[in-house]
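See below for the structure under consideration.
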Amino acid sequence: MDWLNAILQGTLLGGLYALFAAGLSLIFGVMRLVNIAHGDLIVLSAYVALSFGVSLGLNPLVALLLVVPSMALIGYALQRLILNRTMGEDLLPPLLVTFGLSVILQNVLLMGYSADPQNLQAGTIETASVNLGPVAVGVMPVLVFITAVVVIAALQWMFYRTALGRAFRATSDRQDVAQLMGLNRAHVFGLAMALSLAVTALAGVFLGIRTAFDPAAGGARLIFGFEAVIIGGLGNLWGTLAGGVILGVAQTLGAKIDPGYQILAGHIVFLIILALRPRGLFPRIDG
């Protein structure tokens with residue numbers, strides 16, 4: 001029963017990792033941009049929620065109503081003012097710029113909030129649980145997992161059933177043709193980054209409720225997000241959810257064997273899958 005509980009907890013943890021990865025997958029799918037600052041933007045979201053909580057006295061879950069649009073605006077401005085200037089055939093300039101952005105964000109957060117670990121207090125929902133037969137699951141992890149499923153389903157629907165999704169796919173496939181058809185590439189890329197950071201805001205707030213965070217916490221979240229994306233298959237949103245679950249289960253089973261193996265087990269599973277299936281378990285399927 002302990003092993004069953006570990007698998008269940010790992011599955012729920014995978015929902016958080018899927019939220020980490022969904023924004024990465026979206027940006028790579030639309031712009032072919034590898035955002036090195038993604039983990040730091042997740043942490044920034046947690047700090048934005050912390051600031052709203054301190055200044056307005058809001059519960060972090062209520063603060064999401066302000067954090068999500070705030071991060072979306074930051075994403076749009078970031079893409080239009082900085083990243084669009086680096087986009088082109090060469091993948092190195094945007095990679096270097098997002099690396100620089102990562103360093104800047106860490107230092108700005110360090111100056112503004114200090115290196116002391118912080119935590120978002122969500123009240124009784126943090127410790128509430130429900131019994132599923134012989135095992136108990138936390139209400140908050142279940143909420144995070146459900147949110148991940150809803151977000152990924154909504155992104156999938158948006159990509160294939162809306163005009164914005166068609167614009168994303170057209171710009172991703174042939175930027176020059178999309179420009180000739182009247183699509184403003186800079187605006188489309190800005191909307192994609194805004195949407196990515198809106199999802200990132202959810203991940204950041206849930207991260208802050210689940211565990212302590214500090215200005216240097218983004219690196220590990222970036223790695224978990226990349227691993228989930230690559231395990232699932234680049235460009236496949238449902239694969240991203242599967243990748244997050246596989247990574248989460250690997251970590252909880254590793255911790256069950258020995259607490260020191262938790263992170264290592266996830267990395268080992270990632271490397272095995274990468275060696276056997278370089279394109280991931282579920283490569284992108286259009287339609």
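The values are calculated or read from the model by the stated rules, or taken from the named source; none is laboratory data. Just so it is clear, the structure is predicted and the values come from calculations on it, not from any experiment. Note: ideal-geometry Cβ built from the backbone for every residue, glycine included; neighbour counts use all protein chains shown. Just the protein is used for accessible areas: all its heavy atoms, side chains included, with ligands, DNA and RNA removed. Shrake-Rupley method; radii C 1.70, N 1.55, O 1.52, S 1.80 Å.
Against the condition among the aromatic types (F, W, Y), surrounded by 14 or more Cβ atoms within 10 Å (Cβ to Cβ) and not in a loop (DSSP other than H, G, I, E, B), how does F282 come out, does it pass?
So F282 does not fit the description; no.
What pairs come out if I take residues in the range 34-45 that are closer than 15 Å to F206 by Cα and pair them with residues that are among the basic types (K, R) and open to solvent by 10 Å² or more (accessible area, probe 1.4 Å) whose C-beta lies under 9 Å away, six or more apart or interchain?
Matching pairs, first to second residue: G39/R221; D40/R221; I42/R221; V43/R221.
Report those helices (runs of 4 or more DSSP H) wholly inside the range 205-276 carrying at least 3 residues which are on the phi < 0 side of the Ramachandran plot and open to solvent by 60 Å² or more (accessible area, probe 1.4 Å).
Correct list: 237-257, 262-276.
Hey, any hits in the range 120-136 for a residue that's surrounded by 14 or more Cβ atoms within 10 Å (Cβ to Cβ), in contact (Cβ under 8 Å) with a residue 40 or more places away in the chain and of a type in the set (S, T, N, Q)?
Scanning the range 120-136, I find no residue that is surrounded by 14 or more Cβ atoms within 10 Å (Cβ to Cβ), in contact (Cβ under 8 Å) with a residue 40 or more places away in the chain and of a type in the set (S, T, N, Q), so the answer is no.
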